[in-house]
1. Report the extension gain between residue 475 and residue 173 in nm, rounded to one decimal, defined as 0.36 nm multiplied by the number of residues separating them, less their alpha carbon distance.
2. Taking 0.36 nm per residue of sequence separation and subtracting the Cα-Cα distance, how much length would be gained by fully extending the chain between residue 154 and residue 276, in nm to one decimal?
3. How large is the Rg to Rh ratio of segment 392-463 when both quantities use alpha carbon positions and Rh follows Kirkwood?
4. Sum -39500 (n - 2.57) across every DSSP H segment of at least 4 residues in the chain, then divide by the residue count to get the 222 nm mean residue ellipticity, nearest 500.
5. Hey, with R₀ at 25 Å, roughly what FRET efficiency would residue 411 and residue 466 work out to, going by the Cβ-Cβ distance, to 0.05?
6. Say each of residue 77 and residue 49 gets a label point 7 Å from the Cα, pointing the same way as Cα to Cβ; how far apart are those two points in nm?
7. Can you give me the orientation-averaged projected area of the convex hull built on the Cα atoms of segment 16-114, in nm²?
8. Taking every alpha carbon pair in segment 333-428, what does the distance histogram look like in 10 angstrom bins from 0, in percent?
Ligand code: BG6
């Protein structure tokens, strides 16, 4: 069989601390913003409401992330299962609040650092390369409530101290890093990635764009520290990518699609990968009434410390129709018009593997840097039988089609480093805070209230992905 993936291709899986670890107040950990975000289908509506201010209210809400899947205590068992699947790498994030509980301390919490020492050692003992996200929707709550989140420039120095601490501690052992998870998701969800509420500026373009600028400076500082710590480190940006289509050949829809690609997909990566604001930034700021506070030295830092690769998540495409009343893509997280050529997941996310091939070509053409798909997958309702066996052919089909699209993009000439499907073990979902939206190859016996044994069971897709990895992507049957 002809090998379609390069030797050394990084097959693996991805999680984030706040969605798997639990143990939200153990061993000195402080509260992060996600610890104060209720679970349930109305999660995004709650955090987007005008009075939301991260006040915990257990009398009204549940907080599934507090327990997660208890990966904090069970990571050895989980990583052993990843090894059994043949993972070459494991993408996870470090909870900032385990290291600096409120974000402002001058000394790190040694217990938190020791935890990740052990996670990293476990990965390496299994021959699994850790891929670490510095910040996955996890700002310390204190920095959100007392500083107003990322729009406040002072946050940069606190992030820098956190980044330096972990890069210096783990940087000789861990070669692959990423700065901010889905940094551009703030277009739709500034409360997650910039810690902005309606009260502190979630709907105000000025706050959002200033928060991004501060994150770009912080990201470049992290890149600088990483390379100074160990020149072998490769550190990437991480964006959410949704290939955008014009609904039809009406030039106005084509133009709107171009603008959507710039303002959503490219704005952040253009700065992080090319080291400068793109040519269209000024007109974008003007149209939104934004005036950025750019301090002397910011742009030189951003220019000098660009990322080594483009990490991105891909779940769906979007379709742009600005010229007519169009049926909206109900449930598509990133909105847009309904695309009549696509089917959708149980949660309404439109499934589009061809869009992934297009996106890979678009990103590589634009940045000419290696690409890394660090999230992709199907959130679905799994129905285990009495032996907890899950026949998840729907998930296998989804992944097969996307891996096939990756192989085609590689044939097109794209340089792709690796693939870490999201939620390789079932976890708490980000947008709805549910367990029932499952992505994993491994079933976790917990319900939406985090009741259950927490036991792990291998799904049918576990064995399928094992075969995919063993054949380096040649056997997708
Ligand atoms: C990405 C996030 O947007 O999508 C993850 O980086 C998230 O944190 C994933 O879990 C899937 O989204 P959801 O809402 O299905 O969990």
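Taken together, the values in this text are just the output of simple stated rules run on the coordinates, not laboratory data. Given the structure is predicted, the values throughout are model-derived calculations rather than measurements. We place every Cβ from the backbone using ideal geometry, glycine too, and count neighbours over all the protein chains shown.
1. Working: separation 302, 0.36 × 302 = 108.72 nm, distance 3.18 nm.
In short, 105.5 nm is gained.
2. Answer, rounded to one decimal: 41.7 nm.
3. 1.08
4. Values: 16 runs with 176 residues, N = 477.
Calculated mean residue ellipticity at 222 nm is -11000 deg cm²/dmol.
5. On the way: r = 25 Å, r/R0 = 0.98.
Computed FRET efficiency for residue 411 and residue 466: 0.55.
6. Each label point lies 7 Å from its Cα, and together they span 3.7 nm.
7. 7.9 nm²
8. Result returned by the calculation: 14, 41, 33, 11, 2.
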